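No value in this document is a laboratory result; all are computed from the given coordinates. Since we're looking at a predicted model, the values are computed, not measured. Cβ placement follows ideal geometry from the backbone for every residue including glycine, while neighbour counts extend to all protein chains displayed.
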Amino acid sequence: MTPAILAGEQLSVQHAQEVTLTYPDFTWPAGTQVAVTGPSGTGKTTFLNVLAGLLRPRTGRVSYGQSVLTDLSEGQRDTFRRREVGYVFQDFHLMPGLTAAENVELALRVAGAAQPSRQAREALQRLELGHRLRHLPAQLSTGERQRVAIARAVAHRPGLLLVDEPTAHLDRERAAGAMTLLRGAAAELGATLVVVTHDEQVAGSLPERYQVGQVGV
C-alpha cells in the first residue's frame, strides 16, 4: 500500500462493563500530522490501538484507503499492521537482550523486509545512532532508546505512524528534538502521524488536533 486517507465514523469502545468511550468522526488525508488530546481516562491510547487494528471497536468503522480495517479478520489486521503501521510506544518496548540494530532488524523481518540488516542500519544512521548499533538498550540514554524506537517504527516505511506520549520520559529540550524527528520522518515518508499527548507544547507543535473526552455509562 501507499499512504492513504485514514477515516473513522461512529466509533465507540467498551472500556469496562459500565463505561463506553466514544470518538468524533474524522477524515485525515495522507500526510496529516495530528495531536490526540483530552483528559486522562478518555481513551487516547485506546484510540491508537483501534487505528492500529489491535482493538476492534464496539461500533463504527475505520478505513485506510480502500481497506475497512474494522471488517478485516484478525490475521488480515496483523498483515496490515506489519506492512502499514509504525507504532512508537510510550515505554519504547525494546527487547533488552538485543542491540539497537537487532531491535530494528527484528521489526523489519516481521514486516517481511527484503534486506532487514541494511535497512536497520540505515534507519539508525538517519537518526544519528550509527555509532550505537551494537549497544544494548541498557547502555543507551533515554533519548537514544527513544530514537531506536522511532527507527524501528519507520524503518519499513509505513503509511501510518502512531505515537503514544513521545515526551513522557524526556526533558523539554529532548522533547522538542523528539518531535522534530517524528515530524521529519513522517514528512519524508508522506505518512500520516497521529500523536497522543498530554503535553500542550507537543500538541501545539502539530498542525491538527483531535480532541477526545466523551465517556458514556
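State to the nearest 20 debye the size of the charge dipole of the chain about its Cα centre, where the only charges are +1 on K and R beta carbons and -1 on D and E beta carbons.
Once rounded to the nearest 20, the dipole reads 580 debye.
Just name one of L136, T180, T42: the one whose Cα is farthest towards the positive end of the charge dipole of the chain (beta-carbon charges, Lys/Arg +1, Asp/Glu -1).
Positive-end residue among those listed: L136.
Which value in nm describes the separation of the simple spin-label points at Q90 and E18, placed 7 Å from the Cα toward the beta carbon?
Placing both labels 7 Å beyond Cα along the Cβ direction yields 2.5 nm.
Mean projection of the alpha-carbon convex hull of the stretch 105-170 over all orientations, in nm²?
4.7 nm²
What percent do you get for the relative contact order of the stretch 90-171 when only Cα pairs under 8 Å and 6+ apart count?
Over the stretch 90-171, the number comes to 40 percent.
Calculate, in nm to one decimal, what E9 and D25 gain on full extension: separation in residues at 0.36 nm each, minus their alpha carbon distance.
Here the answer is 5.3 nm.
So what does the Cα-only Debye profile of the stretch 12-62 read at q = 0.14, 0.18, 0.32 Å⁻¹, as log10 I(q)/I(0), no solvent term?
The Cα Debye sum returns log10 ratios of -0.37, -0.61, -1.51.
One-quarter of the Cα convex hull surface for the stretch 56-163, in nm²?
For the stretch 56-163, the mean projected area of the Cα convex hull comes to 7.4 nm².
Based only on Cα atoms, what Rg/Rh ratio does the chain have, Rh being taken as Kirkwood's radius?
Value, to two decimals: 0.96.
Starting from one equal scatterer on each C-alpha and no solvent at all, send me the Debye-based log10 I(q)/I(0) for the stretch 1-130 at q = 0.12 Å⁻¹, two decimals.
Values, matching the q order: -0.57.
Placing +1 at every Lys and Arg Cβ and -1 at every Asp and Glu Cβ, with all other atoms neutral, what dipole size does the stretch 30-152 have around its Cα centre, in debye to the nearest 20?
60 debye
Computed FRET efficiency, Cβ-Cβ of R82 and R56, R0 25 Å: what is it to the nearest 0.05?
Calculated transfer efficiency: 0.90.
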